[in-house]
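The values are calculated or read from the model by the stated rules, or taken from the named source; none is laboratory data. These numbers come from a predicted model, not from an experiment. Backbone-built Cβ (ideal geometry, glycine too); neighbour counts: all protein chains shown. Side chains are part of the model used for accessible areas, which takes the heavy atoms of the whole protein and leaves out ligands, DNA and RNA. Shrake-Rupley method; radii C 1.70, N 1.55, O 1.52, S 1.80 Å.
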Amino acid sequence: MLEVKNVSKQYKGEDKLLFDAVSDVSLSMADHRIYALVGESGCGKSTLSRLILGLESPSSGQILLDGKPISRKRKNNRKETAKAIQLVLQDGKSALDPHFTVYQVIAEPLRNLLALPKDKERSRVYELLDRMELPKESAAKKTGELSGGQQKRIGIARALAVSPRYIVFDESISGLDVILRKNILELLKRIQEEEQCSYLFITHEIDAALYLADEIHVMQNGKLIESRQWNGDLKIFQNPYTKQLLRASHLI
Ligand code: ADP
Ligand code: MG
């Protein structure tokens, strides 16, 4: 269980005054479930993701993994957190070093976190490529030579490599054309079923959230303003802001 408990994060704004980028957010994430965090640009989604990954510390509140505060302060804790919670970023290009080969990119977390013997590492990398529906030959390619869609798949393979219990996707499908986006969403759904892990799927695109998630959490100005179990009935959404998002996506 991953628990976000009354978490706030303050930053200094342009006017030099402190403001809450994340404000009193609570969210419990059980195993084997998909959670979506939906909201417009600037509402605090990425800040919350950095807090959950332990890349920054909350100004107040706590983030607990199985009841223990997550922390990247000490090397061992950092490794434990990274094994349990992995991140997939939006932009494949900037997230992946273009000079690295696909093999190196996928093998890196295996080396850092699991220290597998070479033959196990090799078979795991090729297994992941296969599951991402990428040809074996792509292992030797530089990530910069790949298409946008292939880069997405490499980013996902890399996050999946250590079999984390939680994967945070921060705008991971944003900016893809419709067909590619649909393919990646279907792939994510299948992978989650196979791996039995949990996702925190962060997006400004509410239709993608509705496609994927078991639970929808809507964020506005740093706060969670509506949280629902998603049962396929759009009428469950009551908050005017959520309705505005649904209307903007032509869903209601
Ligand atoms: P989102 O991911 O939903 O677009 P962010 O979490 O990136 O939102 O940003 C939330 C707010 O916090 C924005 O107003 C942003 O400018 C501000 N912010 C984010 N990171 C920092 C930082 N390191 N220092 C100051 N302000 C920040
Ligand atoms: Mg963001």
*Give 73/189; 83/152; 45/141 a once-over and call out the pairs whose C-alpha atoms are over 27 Å from each other.*
73/189; 45/141
*asked:* I want to check the label-to-label distance for residue 5 and residue 147. Put each point 7 Å from Cα in the C-beta direction and report it in nm to one decimal.
replied: 4.7
*Excluding ligands, DNA and RNA, what is the solvent-accessible area per residue of the chain at a probe of 1.4 Å, expressed in Å²?*
50
*When only DSSP loop residues count, what trypsin sites (Lys or Arg not before Pro) in the stretch 1-42 have their Cβ near at most 11 other Cβ atoms within 10 Å?*
16
*Using 15 Å as the cut-off for backbone N distance, which residues of the stretch 30-66 belong to the label zone defined by a point 7 Å from the Cα of residue 186 along Cα→Cβ?*
none
*With θ set to phi - 60°, apply the Karplus curve 6.51 cos²θ - 1.76 cosθ + 1.60 along the stretch 225-232 and write out the HN-Hα couplings as whole Hz, x wherever there is a Gly or Pro.*
9, 8, 10, 9, 5, 8, 10, x
*Roughly how many percent of the accessible protein surface of the stretch 149-205 is carbon and sulfur, given a 1.4 Å probe and a whole-percent answer?*
50
_Local electrostatic count, residue 116, Cβ distance below 11 Å [Lys/Arg +1, Asp/Glu -1]_ = +3
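Based on the Cβ-Cβ distance from residue 174 to residue 236, what FRET efficiency comes out when R0 is 30 Å, to the nearest 0.05?
0.75
For the chain, give me the percentage of DSSP beta bridges that are antiparallel, rounded to the nearest 5 percent.
So the antiparallel bridges amount to about 55 percent of the total.
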*Efficiency by 1/(1 + (r/R0)^6): what FRET value for residue 250 and residue 79, r their Cβ-Cβ distance, R0 = 41 Å, to the nearest 0.05?*
0.35
*Take 55, 224, 64 and sort them by solvent-accessible surface of the protein heavy atoms, 1.4 Å probe, largest at the top.*
55, 224, 64
*Which far-off residues, 5 or more places away or on another chain, put their amide H under 5 Å from the one on residue 22, with H placed in the peptide plane?*
9
_For a quick check of your reading of the filter: which GluC sites (Glu not before Pro) in the stretch 118-210 sit in a DSSP loop and have no more than 10 other Cβ atoms within 10 Å?_
133
*Please go through the stretch 12-79 and write out the GluC sites (Glu not before Pro) that DSSP classes as loop and that have at most 12 other C-beta atoms within 10 Å.*
14
